[in-house]
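These notes concern the structure reproduced below.
The values are calculated or read from the model by the stated rules, or taken from the named source; none is laboratory data. Just so we're clear, the structure is a prediction, and the values are computed from it rather than from any experiment. Note that we place each Cβ from the backbone using ideal geometry, even for glycine, and neighbour counts take in every protein chain shown. To get the accessible areas, we keep the full protein, side chains included, count just its heavy atoms, and leave off ligands, DNA and RNA. Shrake-Rupley method; radii C 1.70, N 1.55, O 1.52, S 1.80 Å.
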Amino acid sequence: MKESFIRNKYGEVTHFSHPPRIAKQADFDGATPAQVAEAYLTENKQRLGLAQGRIANVEDATKFSEDPDATVISYLKEKDITGSTLVIFQQSTMGLNIFNARTGVHVNNADMTVNSVQSSMHASVKITNLDAKERQVEKSPKKITAPAFRKMLRTIKGAENPRIARQVVYRYESDDRVEAEDHRGCFGGGGGHVHLDLSKADGFKDGEHYIVDEVLFRAPISKGAKPVNWRALVEPKTNTVLYIRALVAHATGMVFVRDPQTSSNATVTASSMNAQLNPFRSSVTLPGLTAATPQPLAGDFVNIMDFSIPTSIPPTVANPSGAFNFNARSDDFSAVNAYYHCDGLFRKMLDLGFTLSNYFDGTTFPVPVDHRATIGSSDGNEVNASAPGNALGNGLEEFRFALVQQNQALGMATSARVTWHEFGHAVLWDHVNSPNFGFAHSAGDAMAAILYDPNNQCADRFDTFPWLTISNPVISRRHDRAVSAGWAWFGANYNTRYGGEQVLGTTLFRLYRSLGGDSTRLSTRQRASDTTLYLILKGIGLLSSTTNDPRIYVTALQNADLTTTAFKGVPGGALHKVVRWAFEKQGLFQPGATPGGSTITTEGNPPEVDVYIDDGRNGEYQYQRVHWQNQDMWVRRSADGGTSHEQPLVGLTNYMYVKVKNRGSEWASSVSVDAYHCLPGTGLAFPDDWQPMTTPSISLGSPIPPGGSTIVGPFAFTPTQVGHECLLAIAHADGDPGNDTTLTGTISEGRFVPFDNNIGQRNVNPVMPSFQNLVAFMKGHKIWVRNPFRKVKVATIHISMPRILRKLGWRMKVVSRGMDKFEIGPRDRREVVFDLVPGADFRSQDIKRAIERGDATILVEVLLDGELSGGMSYPLSFDTDPVDREKRKDFGLLRTDLSDSLRRLLKGQTIDPDILSSRKIRRVSFDFDEELLDDKTDP
Ligand SMILES: [Zn+2]
């Protein structure tokens, strides 16, 4: 790839591309995409022809605002686009934005390189009407009176809320005054459009810059149409309109966004009347339509047509802002649903980061869709849908939809889930040249189940097509099929058709549940749904032919994870073990579970070697809400090999032990464990925020037998803060390395630890207070909240108290700035301070009972954009162990002495010789965290 420039008629660079390049000026260690883009622009100003422009620092966009001689280029916003970030800058002069003058710098998130820039900035700006600038900058839009509006736009009637939003600088182009001829749907050609009678723009010259008022209002673009937003740029001295556009609304239509059962567990069926069915419609924008007058249901991805009997001509509306609103019981309603949902299939692929032209290399767009078609029987009165292939069998030809129920005017396309089933075939055509896998009908049922689960209101979560089932009780397709009931891979009910579809659906739904589908939080379920859908689709893209062996698809799904550099900002290589487990639980991976078999009635086998640190799931991957309480990792205050946990002591060497088990069928050899700890906090990114323990790794001399276990330790480490410490252990064995070896980037602990049984995490509370001390302990107690992502997140602190404390009116709250909800910058961290407000007195037996009940832990969870990022648990306890109490007393003494001594040392004084000679301090070492030093300075 060589450097290339594209220029406009003014000689300005509008596009610049070159091999990936790192901007030299920025310190890229931890730099954000915005910082990288800014450094890049500064470096390349000359070549981009923006030498006149000053680049305002990201933090100070308004710095040069009143300078008349130069334009200012300042950060506007950024957009995340599947692994890269588009950082957009705005050009301004004299504090006024230059209309549509922007530059987008494309930053690759993986290595922070730039390889292309798109720009519409102006090389030089000379303003002709400087005296038109308002002296006072208006804070809010200025109303325009009706007579004033008539002066500007004589022929536009019924304008609502006309106002001057702001002043901008506009480079006049006479050709661009109104919408160009070929997009003229709004202004000419078709009948009934508003006639724009603009006064002559005498004296205004092409290419010159003018200060103009940006006038916004709402008005219909044709008689009787609903109003849309307009923008006009008006030169204030002469009231001349230099530019005007209707910001044309997309057509809308009423559809079942989700079917009535999925959206509200309704009891309506396909034989219900319009009066019952219509309330389940909602009005949506129909994206991607190609504007036309009249407007058909034809767009970028799909085109609703009547290519199959029975005859049913798809509806049109008068113009591009029309509304496709029809009764539920009509072919027209089915047509609108067919457009909205089939367009949505491809749009979802885009949203997941796929490039459609690559993925669907054999399919021609737009894909024809018949919303009222014949599939099997010739009378068209059937319950069915299909996705036939093209003549070469290497791409999708079309979608066909019949009815939800015989003799009822409700189209199959009203079921979004059915469109996803058909999409299961569409994605196979392009990759395996067949609508079926060979080992199952398709992954369409799985995708429908997973996509519509996060917010599913249907009482039966495992009914794959509730809208069809309720209308035709015979149709029973489920995604909770039990292995013991013959639904194993190669069990009695398995076949390569719909039996296999349900076995696959159950398997992939299990994967989704593990990845967060079983969370109580909607945002976590949605993220899990997208992630699973992404893996399913990418896995299909990695197949090259049909196969009757599902293990080939397992490998494709695992490779889909392993080769992902970033999916929605999260690296790959962390989920492949869960993929295998999901299939293992459905009976795959055992003798007899091979093509042709039909006798499997049990779950499959684990991998030959499968070492794990038991977090309570026995090495399996059912969804787990809290990932930082692994009880097979524990701490001793001395390296005595004890097997009960002692809370570590701050400032002293403590020792972690880890129990490693093997659930595989073969001996685990060359077992080693790596140990890490870190500053207390949440949202810890691996590996960046974790540091190896003083004993970083221990290798075992002898292998672990199948079903056996070994305790590995001691790992020496020294916690630095009272309150908490996070411990991480990663086991490795021949044939079963930890996912730290497969990660493709830095990942937050919540996306890492739960999905690899080789990894354990335990957050501990060095010198845990007894309950009596809890109030004192929690007053001003601090944790660090970190944002491991490269964009701004909203952090929410969620605190759950044991019931006994809640009942007595005890409350814990966040008292630091922003309280329990605040924004946190990219890769930033923030200190959060707690306070415990005591309630009524309690009896110690109440606490004892709460401990016995297992409801005696204060749980702090940190959410970033609504998704669990990490947290801390504070178990209540009575510190009754006398040895423990003794040690605590010692420790208390030591701390007082130590802080005294430190203060003296820092002031250049000598330390009390009594303390030095005592055995309490053997060595003092300083370990300053520079970033924290400012906050921690003792006044
Ligand atoms: Zn099918």
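If the condition is being in a strand (DSSP E or B) and closer than 22 Å to Gly750 by Cβ, then segment 667-720 contributes Val673, Asp674, Ala675, Tyr676, His677, Cys678, Thr682, Ala685, Phe686, Gln691, Pro692, Met693.
Give me the residue from segment 405-419 that is buried (at least 24 other Cβ atoms within 10 Å of the Cβ) and part of a loop (DSSP other than H, G, I, E, B) and, out of that set, nearest to the ligand (Cβ to nearest atom). Step by step, filter segment 405-419, then rank; the result is Ser415. For segment 456-469, filtered to residues that are more than 15 Å from the ligand (Cβ to nearest atom) and not in a loop (DSSP other than H, G, I, E, B), the residue that is surrounded by the fewest Cβ atoms within 10 Å (Cβ to Cβ) is Thr469.
Condition check ((1) open to solvent by 30 Å² or more (accessible area, probe 1.4 Å); (2) away from the ligand (no atom under 16 Å from the Cβ)) across all residues:
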site: Ile309; (1), (2): yes, yes
site: Ile313; (1), (2): yes, yes
site: Asp331; (1), (2): yes, yes
site: Ser334; (1), (2): no, yes
site: Arg347; (1), (2): yes, yes
site: Asn381; (1), (2): yes, yes
site: Gly389; (1), (2): no, no
site: Glu397; (1), (2): yes, no
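Entry remark, segment 589-636: residues being more than 32 Å from the chain's Cα centre (by Cα), in a loop (DSSP other than H, G, I, E, B) and charged (D, E, K, R) number 2 in total.
Residues in segment 349-400 that are closer than 28 Å to Ser529 by Cα, part of a loop (DSSP other than H, G, I, E, B) and of a type in the set (Gly, Ala, Ser): Gly353, Gly362, Ala387, Gly395. The set of residues in segment 473-485 being within 16 Å of the ligand (Cβ to nearest atom) and open to solvent by less than 40 Å² (accessible area, probe 1.4 Å) consists of His479 alone. Within the span defined as segment 793-809, one or more residues are open to solvent by 70 Å² or more (accessible area, probe 1.4 Å), over 19 Å from Asp865 (Cα atoms), free of Cβ contacts under 8 Å to residues at least 40 places away in the same chain and basic (Lys, Arg).
Is it the case that segment 521-532 has a residue that's in contact with a Pro (Cβ under 7 Å, 6 or more places away or on another chain) and part of a loop (DSSP other than H, G, I, E, B)? There is no residue in segment 521-532 that is in contact with a Pro (Cβ under 7 Å, 6 or more places away or on another chain) and part of a loop (DSSP other than H, G, I, E, B). Here is the figure for segment 64-111: residues that are assigned to a loop (DSSP other than H, G, I, E, B) and at pLDDT 80 or above total 3.
Just so you know, in segment 420-437 the residues that are assigned to a loop (DSSP other than H, G, I, E, B) and surrounded by fewer than 20 Cβ atoms within 10 Å (Cβ to Cβ) include one that is farthest from the ligand (Cβ to nearest atom), and it is Asn433.
Look through segment 438-455, keep the residues that are open to solvent by less than 10 Å² (accessible area, probe 1.4 Å) and in a helix (DSSP H, G or I), and return whichever of them is farthest from the ligand (Cβ to nearest atom). Ranking the candidates gives Ile450 first. Counting only strands (runs of 3 or more DSSP E) wholly contained in segment 795-886, the ones carrying 2 or more residues that are modelled with pLDDT of 85 or more, more than 18 Å from His724 (Cα to Cα) and among the aliphatic types (A, V, I, L, M) occupy 857-864. Annotation note: of Arg245, Arg258, the sole residue that is within 35 Å of the chain's Cα centre (by Cα), assigned to a loop (DSSP other than H, G, I, E, B) and among the charged types (D, E, K, R) is Arg258.
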